[in-house]
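What follows is one structure encoded as structure tokens, with my remarks underneath.
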Amino acid sequence: MNTVLKRGLSALVLTVAFAIPAYAQPVTQASVTSACAVSANACIAAQNAYVAAMRAQGLSAAQIGAAMGAVVAALVNSGVPAATIAAAAGNSVQYAASPAQANAFTQIAEVASTGGTIDPVVVQVASSSSPN
């Protein structure tokens, strides 16, 4: 009887674990960069979900800007298509914590959209959440 009860509880736990919808799973930087490997549209949707999750956690604009900068920097160094980097950087402008960061996101988007080489200094500025 004890073994049957344990198996029944184990099956119930597995059923509940697999019943949690994918959209209820935590959104992380890694999940955003993975989505960006799929398409530009998936990337933007993942970015927006990531920001919504961070806002729900009460993170500040500076923290959100830094997180978005980290995502864009990861994408620049990841080998995803330039069009995806351009879309992600362009979408990140709205989440920038400072004018300098917004400008860096814009520069990355413009250079990526033309297939140019993205300046590492600009990526560093994009990754910063400094209010300067």
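The values are calculated or read from the model by the stated rules, or taken from the named source; none is laboratory data. For clarity, every value in this text was computed on a predicted model and none was experimentally measured. Cβ sites come from the backbone with ideal geometry, for glycine too, and all protein chains shown count toward neighbours. SASA here: full protein model, heavy atoms, side chains in, ligands and nucleic acids out. Shrake-Rupley method; radii C 1.70, N 1.55, O 1.52, S 1.80 Å.
Here are a few things to note about the model shown:
- The one condition in (1) of a type outside the set (Gly, Ala, Ser); (2) touching a residue at least 40 places away in the same chain (Cβ under 8 Å); (3) part of a loop (DSSP other than H, G, I, E, B) that Gln63 fails to fulfil: (3)
- Meets criteria (among the hydroxyl-bearing types (Ser, Thr, Tyr) and either free of Cβ contacts under 8 Å to residues at least 40 places away in the same chain or open to solvent by 20 Å² or more (accessible area, probe 1.4 Å) (or both)) for Ser113: yes
- Checking Gln124, Gln94 one by one, the residue that is modelled with pLDDT under 95 and either among the basic types (Lys, Arg) or exposed (fewer than 15 other Cβ atoms within 10 Å of the Cβ) (or both) is Gln124 and no other.
- Tally of residues being in contact with a helix residue (DSSP H, G or I) (Cβ under 7 Å, 6 or more places away or on another chain) and open to solvent by 40 Å² or more (accessible area, probe 1.4 Å) across the range 70-89: 3
- One residue alone among Ala67, Ala62, Ala102, Ala53 is closer than 15 Å to Thr28 by Cβ, out of contact with any Gly (no Cβ under 8 Å at 6 or more places or on another chain) and surrounded by fewer than 21 Cβ atoms within 10 Å (Cβ to Cβ), and that residue is Ala53.
- Residue selected from the range 36-48 under the condition open to solvent by 40 Å² or more (accessible area, probe 1.4 Å) and of a type in the set (A, V, I, L, M), by the criterion farthest from Ala83 (Cα to Cα): Ala45
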